[in-house]
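The values are calculated or read from the model by the stated rules, or taken from the named source; none is laboratory data. Given the structure is predicted, the values throughout are model-derived calculations rather than measurements. Methodologically, a virtual Cβ is constructed for each residue, glycine included, from the backbone with ideal geometry; neighbour enumeration extends over all protein chains shown.
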């Protein structure tokens, strides 16, 4: 599919209004594509989003539960976190899987690249499928109070379809793996 190269947005001014080690927020005065003056806010992420869907030989997968401050509610997700921009995303995926579940994998496949909220932020994510699993000791970060559940993949797929799981990285990963199972590339 062809993509137009022309950017119809014109920036007339910009001001950084917030910055911390993880994100920055910039306020823009713009001329929008219709030619009218407007404003836009952009969240710049200083890490990549990383997600790992781990499948064992019986097609069980692992979910991590935690209370998400931003949502003010509990969330079930695949193991995920941030990967520094200068680090290989696969190395970040291996670290996240071990930290959150204690799992190591012998086989890794990148299955998705994803923009998480492209209307307000530039966060870009990588999602990996991990197979050939070995259990080790989890190494959670001090800010994480996690619960890990091992479930049949079919149950997790049902949870996604029923909106019991709403995390975007998890949804993308589960739907991609379901397609791979239907195609026969995962057995």
Report task. Name every residue in region 22-64 that is surrounded by 14 or more Cβ atoms within 10 Å (Cβ to Cβ), in a loop (DSSP other than H, G, I, E, B) and in contact with a strand residue (DSSP E or B) (Cβ under 6 Å, 6 or more places away or on another chain), in order of residue number. Result -> 56
Query raised in the report: Any idea which of 169, 186, 165 is in a loop (DSSP other than H, G, I, E, B) and within 17 Å of the chain's Cα centre (by Cα)?
Result: 165
Query - From 139, 77, 100, 123, residue being under 26 Å from residue 45 (Cβ atoms) and surrounded by fewer than 19 Cβ atoms within 10 Å (Cβ to Cβ) - result: 139
Requested in this report: Look at region 132-158 and say how many of its residues are touching a strand residue (DSSP E or B) at 6+ places or on another chain (Cβ under 7 Å) and closer than 15 Å to residue 178 by Cα.
Outcome: 4
Report summary line: Restricting attention to region 144-164, the residues that are touching a helix residue (DSSP H, G or I) at 6+ places or on another chain (Cβ under 6 Å) and without any contact (Cβ under 8 Å) to a residue 60 or more places away in the chain number exactly 2
**Report entry** Top-ranked residue of region 144-162 - restricted to ones that are under 19 Å from the mean Cα position of the chain (by Cα) and part of a loop (DSSP other than H, G, I, E, B), ranked as nearest to residue 101 (Cα to Cα)
**Finding:** 146
Report summary line: When region 105-143 is checked residue by residue, the ones that are in contact with a helix residue (DSSP H, G or I) (Cβ under 8 Å, 6 or more places away or on another chain), part of a strand (DSSP E or B) and more than 16 Å from residue 59 (Cα to Cα) are 110, 111, 112, 114, 125, 126, 127
Query - Filter result for residue 151 (surrounded by 14 or more Cβ atoms within 10 Å (Cβ to Cβ) and over 20 Å from residue 116 (Cα atoms)) - result: yes
Query raised in the report: Name the pairs: first residue in region 4-23 and over 16 Å from residue 39 (Cα atoms), second residue in a loop (DSSP other than H, G, I, E, B) and modelled with pLDDT of 95 or more, Cβ to Cβ under 9 Å, at least 6 apart or on different chains?
Result: 20/46; 21/46; 22/46; 23/46; 23/123
